[in-house]
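I have placed the structure first, in the form of structure tokens, so that the comments after it can refer back to it.
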Amino acid sequence: MTVVERPSGGGRESLSGRERSVLEAVVRTYVETAEPAGSRTLARRYDLGVSPATIRNTMADLEDEGYLSHPHTSAGRVPTDLAYRFFVDRLVRPEALAPEEKMRIEEEILAGAGTLERMLRNAARALGLLVNELGVGSAPQLDDARLHKIDLIPVSSRRVLMVVTIHSGMVRTVYVDLPGEAPGKGLDGIERVLNERLAGRTFSEIRRTFGARLRDAVEDPAGQEILNIFVESSEELFAASAPHPDEVVLGRTSAIAGQPEFASNQRLRELIVLTERKELLAKVLGARAVEDGPCVTIGGEHGPELAGFTLVTSGYRLGRLRGVLGVIGPTRMPYEKVIAIVDYTSSLVTRMLEP
């Protein structure tokens, strides 16, 4: 599992055995009940071997260290981001999935499977349904992807759809606006030149060399002007630092909207806004595609845009290409179950994509 650097602002490097036990008990109780945990509740639920008074004093110490917070309306404590980070890094025990859980994941992913995008959408939906979070996924990063072909499709007199097909079968598209009417046969010639000069090259190679490859490729000045417009547009198509927003897939928001954290209108609005910010999600997911195994980031570790959420992801592979699958949810999350399901789902998708 990828360990994210602990944010500054509290917490010792190590906790005593009693502090670890009490912290784990608070986290597990709050995850299960969504209610602040009090010392008597912990004493009843767990065999901690100490009195409620000792538990209460330990909780106070953990609060001073930044691991717990104390809602004004309750005598109990709730975990902070720091507590969840300690729990994930030091206390989480891998959870084995039951055969029926594995079978359900496989059935969901294969339901109507055809294109890679369909498989990813099915996987994101399955993840959300299984753990009651928002399933997310992204198409593979494309630095090592090889261009198969480019198609130029006129959609109006001055607009062309540029379709880029990759050897894996993935497709990227962008609309290109022309300064004048698109010439029919001239457009065919530009399409031919693009394919002759670029097909079979990797995206990273195309980004480095496409200007030189296409310089003076067309003798007609008007045709060269149009070709230059396609060259400028191709920067967007051949980018690979992060997925395109259109390549981010989401599961059903209803799976997560029923969580207690979203009972208030304000938190529900934050969730809805998040699902609409695919540029942000593309950037966040793209940065995780290089990670091997599960990656967990919590609350404030994301910055202000995702401060109220936890993101659990794991990478999958399509040949040499990498993409990401995972879930977004409130920081109060059954981490052991979520991590196990996300990791299994991503490895299953990798196996299904193998030739």
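The values are calculated or read from the model by the stated rules, or taken from the named source; none is laboratory data. Source: prediction; values computed, not measured. Heads up, the Cβs are rebuilt from the backbone with ideal geometry, glycines too, and the neighbour counts pull from every protein chain shown.
The table below gives the values:
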{"item": "Of residues in the range 172-210 being of a type in the set (K, R) and farther than 15 Å from Q224 by Cβ, the one modelled with the highest pLDDT", "result": "R201"}
{"item": "From the options V78, V136, V88, residue that is under 29 Å from R20 (Cβ atoms) and assigned to a strand (DSSP E or B)", "result": "V78"}
{"item": "Qualifying residue in the range 249-259 (condition: under 30 Å from L147 (Cα atoms), touching a residue at least 24 places away in the same chain (Cβ under 8 Å), outside the structural domain of T80 (by TED's automatic domain parsing) and surrounded by fewer than 22 Cβ atoms within 10 Å (Cβ to Cβ))", "result": "yes"}
{"item": "Failed item, numbered, when V160 is tested on (1) β-branched (V, I, T); (2) part of a loop (DSSP other than H, G, I, E, B); (3) surrounded by 16 or more Cβ atoms within 10 Å (Cβ to Cβ)", "result": "(2)"}
{"item": "A53 vs. criteria without any contact (Cβ under 8 Å) to a residue 24 or more places away in the chain, out of contact with any strand residue (DSSP E or B) (no Cβ under 8 Å at 6 or more places or on another chain) and not assigned by TED's automatic domain parsing to the domain that holds V296", "result": "yes"}
{"item": "The lone exception for L48 - which of (1) of a type in the set (A, V, I, L, M); (2) assigned to a loop (DSSP other than H, G, I, E, B); (3) at pLDDT 95 or above it fails", "result": "(3)"}
{"item": "Subset of the range 64-81 [farther than 15 Å from S14 by Cα and out of contact with any strand residue (DSSP E or B) (no Cβ under 6 Å at 6 or more places or on another chain)]", "result": "P71, H72, T73, S74, A75, P79"}
{"item": "Test: residue in the range 76-92 that is at positive phi and either outside the structural domain of G300 (by TED's automatic domain parsing) or not hydrophobic (A, V, I, L, M, F, W, C) (or both)", "result": "no"}
{"item": "Any chance T41 is in a loop (DSSP other than H, G, I, E, B) and either of a type in the set (S, T, N, Q) or surrounded by 16 or more Cβ atoms within 10 Å (Cβ to Cβ) (or both)", "result": "no"}
{"item": "Pick from the range 302-319, criterion more than 17 Å from A340 (Cα to Cα) and in contact with a strand residue (DSSP E or B) (Cβ under 9 Å, 6 or more places away or on another chain), ranking: modelled with the highest pLDDT", "result": "F309"}
{"item": "Residue that is closer than 25 Å to P260 by Cβ, surrounded by fewer than 19 Cβ atoms within 10 Å (Cβ to Cβ) and charged (D, E, K, R), where the choices are E95, E65, E106", "result": "E95"}
{"item": "The range 56-75, subset free of Cβ contacts under 8 Å to residues at least 24 places away in the same chain, not in a loop (DSSP other than H, G, I, E, B) and not basic (K, R), residue farthest from G308 (Cα to Cα)", "result": "N57"}
{"item": "Residue tally, condition farther than 30 Å from Y67 by Cβ and assigned to a loop (DSSP other than H, G, I, E, B), over the range 91-113", "result": "4"}
{"item": "Extreme residue, farthest from Y67 (Cα to Cα), among residues of the range 291-325 that are in contact with a Cys (Cβ under 8 Å, 6 or more places away or on another chain) and among the hydroxyl-bearing types (S, T, Y)", "result": "S314"}
